[in-house]
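*Asks:* Please see the structure below; I have some questions.
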There are 2 protein chains.
Amino acid sequence: MRKLKRSARLVEMTQYLLARPHTLISLTAFADRYQSAKSSISEDLAIIKEVFEEEGIGQLHTLAGAAGGVKYIPTVRKEAALAVIREICRQLEQPERVLAGGYLYMTDMIGQPAIMSEVGRMFATAFAGREIDVIMTVETKGIPLAYATAMYLNLPVVIVRRDNKVTEGSAVSINYVSGSTKRIQTMSLARRALREQSRVLIIDDFLKAGGTVQGMIDLLAEFDATVAGVGVFVESGEVGAEERLFHDYVSLARLTHVDLKTKQTTVVPGNYFDD
Amino acid sequence: MRKLKRSARLVEMTQYLLARPHTLISLTAFADRYQSAKSSISEDLAIIKEVFEEEGIGQLHTLAGAAGGVKYIPTVRKEAALAVIREICRQLEQPERVLAGGYLYMTDMIGQPAIMSEVGRMFATAFAGREIDVIMTVETKGIPLAYATAMYLNLPVVIVRRDNKVTEGSAVSINYVSGSTKRIQTMSLARRALREQSRVLIIDDFLKAGGTVQGMIDLLAEFDATVAGVGVFVESGEVGAEERLFHDYVSLARLTHVDLKTKQTTVVPGNYFDD
C-alpha cells in the first residue's frame, strides 16, 4: 500500500479494523501496511479507540509487548439496543402477524439484513466474553441471525439440517419432540461439520417449548461438544420456564400474550434487558 | 452527537458510511450529526472518497444540489476478487470434497462468514448497476450467500422454502424437476413475502442442470415479478449450456471436471472473470 497522510490512514485503518472483528492485528503489521512508525500507528489507534468507545461502536483492546497488537470488539450499548428492540416489538405486535398455533410471522423482519445486523451485534455483545469455537443454528429462519452474529464474533457457522441431504456426506441424526406440535422430528448434522470438544453457541429465531434447542443440545453431546450459550431472537413467555430442560439462555424479545381471536399480541424486550 | 475534531470525525464518518451501503445520506444530515459546516463535511468526504477508491473499498457517489448527498457503493476490484477466487478454487479441489453424484462438499466454506462476505461483495459489484428490489434464494446453502450480497446492496432477502411451513401463512407452491436427480420436487413462497412487479436477483450456491434456478424463475412468474439477474457461487461446467433454459447468469467459480474414481476435480474461476 502506498504511504498515506494521517487523515487518509485513519479512514483506511477504520475500515480495516471494522472488517476484522475479534482478530488480533499486530502493531508491526499496521506499521508495515502503512509504512509508518509504530508511534504514529499508536496515536492513530488512540483516536480510533476514543471514537469507537465514545460513540458506542465497540472496544479496541490493545495488548502490549512483543506479541502485542490491537483487537476490535464490536458492541452495542444496552440503551441503544433497547431502543432498537422496542421498535422491533412494536412491529411484531401488528395483528396481521398472528398465525395459526400462536406463531408470529417474522419472515419479513428476518429478511432485512440491516435488522439482522443489529440483532447480531446484540448477540455478539451478550456473548463477547464467552469462549466459543463455533455458532450453531437449525435451518431455516435461524440462519440469518447466526451469520449476523458470527460476522461480529469472527466465528464459523454450522447449520443443522431437518433432513439428511446427499451433498453433506455421512451425518449424525437424532430424533426430537417439537414441544409445540408434539410430533417427533429429525435433525442431522454432517459428521465433518463439527470437531469434537467444540464450544458451541446456539442461535435460533423463536423459542417456544424449547424442543428444537434441546434437540441441538442433544446433538452436541453426540459430537462430544459443549454448549457455550443459547441466544434466541424471540421467546414465547406463554410457556412456563419449568417446562424447559435448559434455563440459561439470552432472549432479545418476549411474546407475553397472544389472543388468537382478536389477534392482539404483547411483545416486550427479552431477558437480555432484565435488571 | 458531541462535536468532534476532524480526525475523530473521519473515523466516525467512515464507520457510518460503511454501515449504510447504497443509502443516500444528505450533506445536511452529516452537517447536523457532526455540528459542522457543510464545507468541512465536503472536505472530509473528499478524503474518504479518495481512500475508498484508491484502496478498492468502493465508490462514494456524490449528488449535487438541494437533494444532494453521498452514497457509498461497496465494490471489489476484479484482480482482488480473482485472487480470492483462485484460493477458493484451490480449496474446492481437495479430493475429500467429492461426494456421491458429483457434488462437492462446500458447507465448511459456506460456514465461514468472512468468505461469504467476500463473495457477497463480488455479487454486489457484479450487480451494482441493475435495478433490484429484492434478493431471492432457496433454502439452505444459498441463504448465507444471499444475505452477504444483500448486506452490501442494502436489499431485503426472501427465502424460498422446500416445503410449506405453518409459520408462513398462505403460500404459492410450484413443482419443478431437479435436473440432477430428475425427481419432481416442490418449492413454495409465502404470498406476503414478495410484492407484485418486484425485480428480483436470484442467488444460489451451486448450479448444475439449473432446475432449481428455473423453478425460482417460474415461481417469480406466479408473483408477476421479474428476474433482474442470477448469481451462482459455483457452476458445474460438465452440464452443457444448451441444457439450461436460462443463459444470463454470473458464476464465480466453475467445476470443469470431476473424476469420481480418483476424486480429482478441476475448479476454475467462473464466467464473471471471463474477458
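FYI, it's all coordinate maths here, none of it is from the lab. Computed from a predicted structure; not experimentally measured. Using ideal geometry, Cβ is built from the backbone for each residue, glycine included, and neighbour counts are taken over all protein chains shown.
*Asks:* Please work out the C-alpha center-to-center distance from segment A:1-69 to segment B:1-68 and express it in whole Å.
*Replies:* About 20 Å separates the Cα centre of segment A:1-69 from the one of segment B:1-68.
*Asks:* Debye sum, Cα scatterers, the protein assembly as shown, no solvent: what log₁₀ I/I(0) at q = 0.08, 0.09, 0.12 1/Å?
*Replies:* -0.55, -0.70, -1.29
*Asks:* What are the ³J(HN,Hα) values, in whole Hz, obtained from phi via the Karplus relation 6.51 cos²θ - 1.76 cosθ + 1.60 with θ = phi - 60°, for each residue of segment A:39-47 in sequence order, with x given for Gly and Pro?
*Replies:* My calculation for segment A:39-47 gives 5, 5, 4, 4, 5, 4, 4, 5, 5 Hz in order.
*Asks:* Among A:LYS5/A:LYS38; B:LYS208/B:LYS263; A:LYS38/A:LYS71; A:LYS141/A:LYS263, which pairs are too far apart, with a Cα-Cα distance over 21 Å?
*Replies:* A:LYS141/A:LYS263
*Asks:* May I pose another question? Tilt of helix B:142-153 relative to the longest C-alpha principal axis of chain B, in degrees (0 to 90, nearest 10)?
*Replies:* In chain B, helix B:142-153 runs at an angle near 20 degrees to the longest axis.
*Asks:* Among A:187-198, B:7-18, how do they line up from the highest to the lowest mean number of other beta-carbon atoms within 10 Å?
*Replies:* B:7-18, A:187-198
*Asks:* What nm value, rounded to one decimal, do you get for the distance between B:ALA31 and A:ALA67 when each label is placed 7 Å out toward the C-beta?
*Replies:* 5.2 nm
*Asks:* In segment B:81-147, how does Rg compare with the Kirkwood Rh, expressed as the Rg/Rh ratio over alpha carbon atoms?
*Replies:* The Rg/Rh ratio comes out at 1.01.
*Asks:* Mind checking the dipole of chain B: about its Cα centre, +1 per Lys or Arg Cβ, -1 per Asp or Glu Cβ, Debye to the nearest 20? Intermediate results must be reported in sequence, preceding the final value.
*Replies:* Values: 32 positive and 33 negative charges, 174 e Å.
The dipole magnitude comes to about 840 debye.
*Asks:* Collect residues whose amide H, placed 1.01 Å from N in the peptide plane, falls under 5 Å from the amide H of B:ILE202; neighbours closer than 5 in sequence don't count.
*Replies:* Those qualifying (amide H under 5 Å, at least 5 residues apart or on another chain) are B:MET136, B:ALA228, B:GLY229, B:VAL230, B:GLY231.
*Asks:* Under a Cβ-only charge scheme (Lys and Arg +1, Asp and Glu -1), can you give me the dipole magnitude of the protein assembly as shown about the Cα centre, in debye to the nearest 20?
*Replies:* On the way: 64 positive and 66 negative charges, 117 e Å.
Dipole of the protein assembly as shown, to the nearest 20 debye: 560 debye.
*Asks:* A further question on this structure: Please report, for the Cα atoms of segment B:147-275, the Rg to one decimal and the Dmax as a whole number; what are they, in angstrom?
*Replies:* 15.9, 49
*Asks:* Under 13 Å Cα to Cα from A:LYS49, which aspartates and glutamates show up? Leave out anything in the same chain fewer than 8 places away.
*Replies:* B:GLU12
*Asks:* Hey, another quick one. Hey, what number do you get for chain B at 222 nm if only DSSP H runs of n ≥ 4 count, each worth -39500 (n - 2.57), divided across all residues, to the nearest 500?
*Replies:* When only DSSP H runs of four or more count, the value is -10500 deg cm²/dmol.
*Asks:* Pick out, from A:LEU24, A:SER40, A:MET1, the residue whose Cα sits farthest towards the positive end of the charge dipole of segment A:1-104, with +1 on the Cβ of Lys and Arg and -1 on the Cβ of Asp and Glu.
*Replies:* Farthest towards the positive pole: A:MET1.
*Asks:* Kindly write out, for segment A:262-267 in residue order, the coupling ³J(HN,Hα) from the Karplus curve 6.51 cos²θ - 1.76 cosθ + 1.60 (θ = phi - 60°), rounded to whole Hz, with x marking Gly and Pro.
*Replies:* Taking θ as phi minus 60°, the curve returns 8, 6, 8, 10, 10, 10 Hz for segment A:262-267.
*Asks:* How much of the DSSP bridge set in chain B is antiparallel, in percent, rounded to the nearest 5? Could the numbers behind the result be given before it?
*Replies:* Numbers: 23 of 43 bridges.
Roughly 55 percent of the DSSP beta bridges within chain B come out antiparallel.
*Asks:* Can you tell me the equivalent ellipsoid semi-axes for chain B? Use √(5λ) from the Cα gyration tensor, largest first, whole Å.
*Replies:* Value: 38, 24, 15 Å, ordered largest first.
*Asks:* Please report the relative contact order for segment B:76-271, taking Cα pairs under 8 Å with a sequence separation of at least 6, and give it as a percent rounded to a whole number. Intermediate values should be presented prior to the final figure.
*Replies:* Numbers: 381 pairs, mean separation 39.5, N = 196.
20 percent.
*Asks:* What does the average come to when, for each residue of peptide B:144-152, you count the partner chain Cβ atoms lying within 10 Å of its Cβ?
*Replies:* Shielding by partners across B:144-152 averages 4.
*Asks:* Using only Cα atoms, locate the centre of segment B:248-267 and the centre of segment A:189-268, then give the distance between them in Å, rounded to an integer.
*Replies:* Between the Cα centre of segment B:248-267 and that of segment A:189-268, the gap is 39 Å.
*Asks:* Starting from the Cα of A:ARG195, move 7 Å in the Cα-to-Cβ direction to define the label point; list residues of segment A:124-152 whose amide nitrogen is under 11 Å from there.
*Replies:* Hits in segment A:124-152 for A:ARG195 at 11 Å: A:133-134.
*Asks:* Let me ask you something else. Report, ordered by chain and residue number, the aspartates and glutamates lying within cross-link reach of B:LYS78, taken as a straight Cα distance under 18 Å and ignoring same-chain residues fewer than 8 apart.
*Replies:* Cα-Cα hits under 18 Å: B:GLU53, B:GLU54, B:GLU55, B:GLU87, B:GLU118, B:ASP274, B:ASP275.
*Asks:* Quick check: residue separation of A:SER39 and A:ASP275 times 0.36 nm, minus the Cα distance between them. What number comes out in nm?
*Replies:* That pair, A:SER39 and A:ASP275, stretches by 80.7 nm at full extension.
*Asks:* Let me ask another. Residue by residue, what Karplus-based ³J(HN,Hα) values in Hz, rounded to whole numbers, does segment B:195-211 have, using 6.51, -1.76 and 1.60 with θ = phi - 60° and x for Gly and Pro?
*Replies:* Here the 3J(HN,Hα) series is 6, 4, 6, 5, 9, 10, 9, 8, 10, 9, 7, 9, 10, 10, 6, x, x Hz.
*Asks:* What average count of beta carbons from other chains do you get within 10 Å of the Cβ of residues in A:77-84?
*Replies:* The mean count of partner-chain Cβ atoms within 10 Å per residue comes to 0.
*Asks:* Something else: Hey, can you grab everything whose amide H is under 5 Å from the amide H of A:SER251? Only 5+ residues off in sequence or another chain; H modelled, so Pro and N-termini drop out.
*Replies:* When sequence neighbours closer than 5 places are left aside, the close amide H contacts are A:VAL232, A:ASN271, A:TYR272.
*Asks:* I need the calculated FRET efficiency for the pair B:ARG90 and B:ASN175, taking r as the beta carbon distance and R₀ as 51 Å, to the nearest 0.05.
*Replies:* 0.85
*Asks:* Still on this model: Quick one: if you stick a label point 7 Å off each Cα along the C-beta vector at B:PHE246 and B:ARG77, how many nm between them?
*Replies:* Label at B:PHE246, label at B:ARG77, 3.2 nm between them.
*Asks:* Given labels modelled 7 Å from the Cα in the Cβ direction, how far is it in nm from B:LYS182 to A:HIS22?
*Replies:* Those two pseudo-labels are separated by 4.6 nm.
*Asks:* In addition: Check which residues have an amide H placed less than 5 Å from B:VAL160's amide H, if you skip close sequence neighbours.
*Replies:* B:THR137, B:VAL138, B:GLU139
*Asks:* Taking beta carbons within 10 Å but only from partner chains, what does the mean come to for residues A:45-57?
*Replies:* Per residue, the number of nearby Cβ atoms from other chains is 4 on average.
*Asks:* By DSSP, what percent of the beta bridges with both residues in the protein assembly as shown are antiparallel, rounded to the nearest 5?
*Replies:* 55 percent
*Asks:* Something else: Would you kindly compute the Cα radius of gyration of segment B:216-275 and its largest Cα-Cα separation (Dmax), both in Å?
*Replies:* 14.3, 47
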